[in-house]
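As structure tokens, the structure follows; a few thoughts come after it.
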Amino acid sequence: MFKKVLIANRGEIALRVMRACHELGLKTVAVYSEVDARAAHVRFADQSVCIGPGLASKSYLNIPAIISAAEITAADAIHPGYGFLSENSEFARLCAKCGIKFIGPTPEAMLAWGDKVRARKNAERFGLPLLPGSTVLEDAKHAKSEANRIGYPVIIKASGGGGGRGMRIVRNDDEIETAFSSARSEAESGFKNPDVYLEKFVERPRHIEFQVLADEHGGIWTLGERECSMQRRHQKVIEESPSPAMTAEIRQDMGERIRTAIRETGYTSLGTLEFLMDEDKKLYFLEMNTRVQVEHPVTEMVTGLDLVSLQIRAAAGEKLEMPDTRPWSFRGHAIECRINAEDSRTFAPWPGLITEYFVPGGTGVRVDSGVYGGWRVPSEYDSLLAKLIVHAPTRELALVRMRRALREFIVGGIRTNIELHQMLLDDREMIEGTMTTRTIERMLAESKPVKA
Ligand code: MV4
């Protein structure tokens, strides 16, 4: 096992990783930017190192500064959390070169799944269902012929992208040339990779993802799915497990296919496979995230597992002795609300001083937070303050528990999206469990308009 882990992240996920390390008896090193000197993750770490100014590119993305911090403190592993350097295979390679274990998949496995066109090829080879689509588009003429072969509407995506950035929906031949060239130049400037491909566009999909965990001894576990359809502009807002749309048959079938794909690509560590579900409950593989995700706690609540602890133990080369019930045995229902520092109506970010802070508790309530009363939320990073997670025997009781817990959450001094969550939990599609990726947009359009 490692002796000391450097956590190359901030906020709630840095604390989340730190908690797992301390329970495993490992020492921790926090890194922080100048604006984060008094952040919670710095206060609770055994050691801390300042790695640069507030701007992420000069601190949390500053590879030489982070590697130096690990060397100075004699950390033998780095946990990247999510975002920042978590899916950077060059960083993972450099860690290995410096004799520091990157807690995540190998650089090779990251590349096999990180590139979307390669991921589609792997998925096809190993039996994961795919939407009709193309490989890399050579030019506008090729884009047009592929779009006609597949049939409109289609969506153009960047092979080096992900999470919805740089996508273009195309509805007819007149739009394809412009969409192709703008997607291509956006991909080039945004991801330093001009490759784009296209897929059949699904109009009102659900977004469902499967959690997987693999050790370095051939142990592979699929840990059910998360329903992530409640999102706005590619930012997830509420997640839950299990998905109200899932059946035991689909879960079993997809679990078997995923374990095959994971085994055949030599993937280890935690990972998430994203799927779209159409109205006929057919699932289509979209992309894989090769990191721990924000919404991992809902899977933890229904499985009773500590995913981050298991991820660290797998990275240390441990053979994970887990009952390999396939699929995993699940208990009850979990829901997570992302509490952000932003206006509930306009979604404008709202950094500033937190003057008052009280977190809900009681039976079945978990709060993963990175802030405290007296903390000034900096403007440099994303607006996530805390994750409110509830667990209950049924979905209905989990909804009741979440409404109860939201009433107890007090954040003074700044605006938050708590009111948005209260509206969402009373929305018909949320209550029925029939939500799609369009639900939030629809609910906002129906509610009383307010000037921005
Ligand atoms: C799609 C799609 C419809 N059809 N692909 C957005 C995030 C990225 N991972 C893929 N995304 C989508 N891909 C096809 N062929 C709709 C989306 C999409 C979406 C997907 C998941 C969660 C939220 C979303 C919101 C809008 C669009």
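Quick notes
- With respect to the stated conditions, Gln235 fails to be under 13 Å from the mean Cα position of the chain (by Cα), under 15 Å from Thr272 (Cβ atoms), within 11 Å of the ligand (Cβ to nearest atom) and surrounded by fewer than 24 Cβ atoms within 10 Å (Cβ to Cβ).
- If only residues of the stretch 172-228 that are touching a residue at least 12 places away in the same chain (Cβ under 8 Å) and among the β-branched types (Val, Ile, Thr) are counted, the one that is nearest to the ligand (Cβ to nearest atom) is Val202.
- For the stretch 407-428, the set of residues classified as under 19 Å from Leu397 (Cβ atoms) and assigned to a helix (DSSP H, G or I) consists of Arg407, Glu408, His421, Gln422, Leu424, Arg428, listed by residue number.
- Considering the stretch 402-420, and only residues there that are closer than 24 Å to Met301 by Cα and free of Cβ contacts under 8 Å to residues at least 60 places away in the same chain, the residue that is most open to solvent (accessible area, probe 1.4 Å) turns out to be Arg407.
- Complete set of residues in the stretch 363-400 that are farther than 16 Å from Pro242 by Cβ and either open to solvent by 60 Å² or more (accessible area, probe 1.4 Å) or acidic (Asp, Glu) (or both): Thr363, Asp368, Arg376, Ser379, Glu380, Asp382, Val400
- Residues of the stretch 265-296 that are over 16 Å from the mean Cα position of the chain (by Cα) and either under 30 Å from Ser369 (Cβ atoms) or more than 11 Å from the ligand (Cβ to nearest atom) (or both): Thr265, Gly266, Tyr267, Thr268, Glu279, Asp280, Lys281, Lys282, Leu283.
- Filter result for Val371 (at pLDDT 95 or above, β-branched (Val, Ile, Thr), assigned to a helix (DSSP H, G or I) and not assigned by TED's automatic domain parsing to the domain that holds Lys58): no
- Checked against the criterion of being outside the structural domain of Asp426 (by TED's automatic domain parsing) and more than 26 Å from Pro132 (Cα to Cα), the candidates Ser189, Ser185, Ser241 yield just one match: Ser189.
- The strands (runs of 3 or more DSSP E) found entirely in the stretch 174-247 that carry 2 or more residues being of a type in the set (Gly, Ala, Ser) are 220-232.
- Residues being more than 26 Å from Gly332 (Cβ to Cβ), at pLDDT 95 or above, outside the structural domain of Lys58 (by TED's automatic domain parsing) and away from the ligand (no atom under 16 Å from the Cβ) are entirely absent from the stretch 441-450.
- Yes/no for Ala74 being at positive phi, more than 26 Å from the chain's Cα centre (by Cα) and more than 15 Å from the ligand (Cβ to nearest atom): yes
- Test: residue in the stretch 178-190 that is over 22 Å from Thr437 (Cα atoms), touching a Leu at 6+ places or on another chain (Cβ under 6 Å) and open to solvent by less than 10 Å² (accessible area, probe 1.4 Å): no
- Leu85 vs. criteria open to solvent by 50 Å² or more (accessible area, probe 1.4 Å) and touching a residue at least 24 places away in the same chain (Cβ under 8 Å): no
- Search result, residues across the stretch 377-387 that are in contact (Cβ under 8 Å) with a residue 40 or more places away in the chain and farther than 15 Å from Thr416 by Cβ: Pro378, Glu380, Tyr381
So that you can scan it fast, the table gives a plain yes or no per residue for (1) modelled with pLDDT under 95; (2) small (Gly, Ala, Ser); (3) under 26 Å from Asn289 (Cβ atoms):
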| residue | (1), (2), (3) |
| --- | --- |
| Ser134 | no, yes, yes |
| Ala158 | yes, yes, yes |
| Gly164 | yes, yes, yes |
| Asp173 | no, no, no |
| Glu188 | yes, no, yes |
| Asn193 | yes, no, yes |
| Leu198 | no, no, yes |
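- With respect to (1) in contact with a helix residue (DSSP H, G or I) (Cβ under 9 Å, 6 or more places away or on another chain); (2) within 10 Å of the ligand (Cβ to nearest atom); (3) in a strand (DSSP E or B); (4) open to solvent by less than 30 Å² (accessible area, probe 1.4 Å), the lone exception for Ile169 is condition (4).
The values are calculated or read from the model by the stated rules, or taken from the named source; none is laboratory data. Given the structure is predicted, the values throughout are model-derived calculations rather than measurements. Here Cβ is always computed from backbone atoms with ideal geometry, including for glycine, and neighbour counts include all displayed protein chains. Surface areas here come from the heavy atoms of the whole protein model, side chains and all, with no ligands, DNA or RNA. Shrake-Rupley method; radii C 1.70, N 1.55, O 1.52, S 1.80 Å.
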